[in-house]
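One structure below.
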């Protein structure tokens, strides 16, 4: 039996493996062989087994839930503690049954190292490969593979070598270098805490030796501060912002910026529960802070120092493992959870879909519109509002996330590096002398003088659907009626204002944002601003709508099937996209999200241009103001 550990050092380990490959038996035996069982616990379990008339099983130690004993499978993530002479360990036992992979993700996300079990008799299974990929996806780099139940293979070195060769080749193909493969027989304690007499050919470490060789992750003190707000408490007159310091250090007197709201304040005090008072807190500590200025901060905001901010965007590239019963689909909205943040999220584009067991490509850019269960995707995600994040290579805690479908955790992933713009410290120091200028002419007065209100007629639809043709004829019709109108055409805008933008999802988003700001000024001037843009993303159109006053944004869905648009192909773009000459082409290799509730829908495969214009004019006429006595300029 081992004595109490000589240090307070603690390491979190996740244990994964295919169902029935012996995880629970291994954990029970590990506890016994390291002397970590409470006094009399073994005898108690043996007595219970004898009373039930069943053989004693080491797995009973982990099977704390009655349902687990009934079903004979582990169904939830459990945390238990054991120790060696060197240190304490927290074992996160993760389910191996295919139905419970999402619990395994929940457990593994908190681990610093992993033990992955493979049954020597059954060999490498589908879930064995999935688990290897998941561990890599979650950023766990310290991995030892235990080839269990060697007694069922007569302790054969040849069988062990064959499994190691096969599985090591798989792990290397996904970028994982395992620390070691160890042959064990957990039921009998072979190579757990002592070397096995049954396998004299094995000269490598025991499981306990390799555990003690793992490194404990150092607190992320040297990294930039990330302090996600978990909750806000009121005590007396104080508002205490509570959370866990995920990285970096925070001190009294530090100026913090809270993302994504960009509000700033200075730390007045650092509060702790049942701990000595200190004016500094570092990564790994759960604390509360009070602020010198009582700004409104809520759960989900992330505090950082102004000279090292996180990214603050509505779009990022990710690698995702999907576990949901229903596919992860383009066009649907889900919930993203990142640190303590929650935001609506959808798929902006899918670059590649892989089978997690074989890494075979099952969907490519343009062709893939969903991610199936147990598939892996490389994709771009778009959130309805900005979220604060880092890439997984920068700060792990703010570089990984989960996706919730309804009430279920359906997927998890990591944010990968890309050319993201990052707010600079100087950008936080904006002039306090900038105000929105308001003249003496009111919008109502402009509307009465012009006989029409200012508004934005936003035509959206696929290339070739007829947007530009309708926009040109609508402008002429309104002009002939004496109305003030102007077209913002997509190609014209890209010749000047937006000539610095390309056609990536990020650039498309910025293109629409700038156009929205210009269109808003036109509407404010009292003009009818007509836009003709594909504007494929629903969130971008909603952003423009939010810029304008109620009733000023008229979303017009110029609806024509892709086949009809491709048949028209006025600029020859579809043919070039099919030939691979144009990347990120909406409708072919990039998505288009149809409006959910447009003010006007024009089925241009059924309506002529004059008929479409007539419908728009009829709608706009209903917006015209009535004469109001006493109004003058």
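Values in this text are rule-based calculations from the coordinates and carry no lab data. The structure presented is a predicted model; accordingly, all values stated were derived computationally and were not measured. Using ideal geometry, Cβ is built from the backbone for each residue, glycine included, and neighbour counts are taken over all protein chains shown.
Here the residues 537, 420, ranked from fewest to most Cβ neighbours within 10 Å of their Cβ, fall in the order 420, 537. Among beta bridges from DSSP that stay inside segment 443-621, the antiparallel ones total about 0%. With each label modelled as a point 7 angstrom along the Cα→C-beta vector, the residue 614-residue 197 pair spans 9.9 nm.
Rounded to the nearest 0.05, what FRET efficiency do residue 180 and residue 351 have when you use their Cβ-Cβ distance and R0 = 35 Å? E between residue 180 and residue 351, to the nearest 0.05, is 0.50.
Working ranking of peptides 153-165, 328-340, 273-285 by packing, defined as the average number of other Cβ atoms within 10 Å per residue, highest first, is 328-340, 153-165, 273-285.
Modelled this way, with points 7 Å down the Cα-to-C-beta line, the labels at residue 517 and residue 158 are 7.3 nm from one another.
What percent do you get for the relative contact order of segment 243-347 when only Cα pairs under 8 Å and 6+ apart count?
In percent, rounded to a whole number, it is 25.
Shape verdict for segment 227-305, please, from the Cα gyration tensor: rounded (a/c under 1.5), prolate (a/b greater than b/c) or oblate. Rounded, since a/c falls under 1.5.
When 181, 235, 389, 31 are sorted by how many other C-beta atoms sit within 10 angstrom of their C-beta, beginning with the fewest, the order is 235, 181, 31, 389. The residue 472 and residue 579 beta-carbon pair, evaluated with R₀ = 35 Å, returns a calculated FRET efficiency of approximately 0.75. Stretching residue 233 away from residue 342 to a fully extended chain increases their span by 37.3 nm, per 0.36 nm per residue minus the current alpha-carbon distance. From least to most packed, judged by other beta carbons within 10 angstrom and beginning with the fewest, 409, 145, 457 follow the order 409, 145, 457. Taking the centroid of alpha carbons for each part, segment 150-183 and segment 562-620 are 55 Å apart.
If each of residue 422 and residue 121 carries a label point 7 Å out from its Cα toward its Cβ, how far apart are those two points in nm? About 5.3 nm, to one decimal.
Between residue 298 and residue 373, the FRET efficiency from the beta-carbon distance, with R0 = 22 Å, is close to 0.05. Converting the Cα gyration tensor eigenvalues of segment 313-419 into ellipsoid dimensions via √(5λ) gives semi-axes, longest first, of 20, 15, 13 Å.
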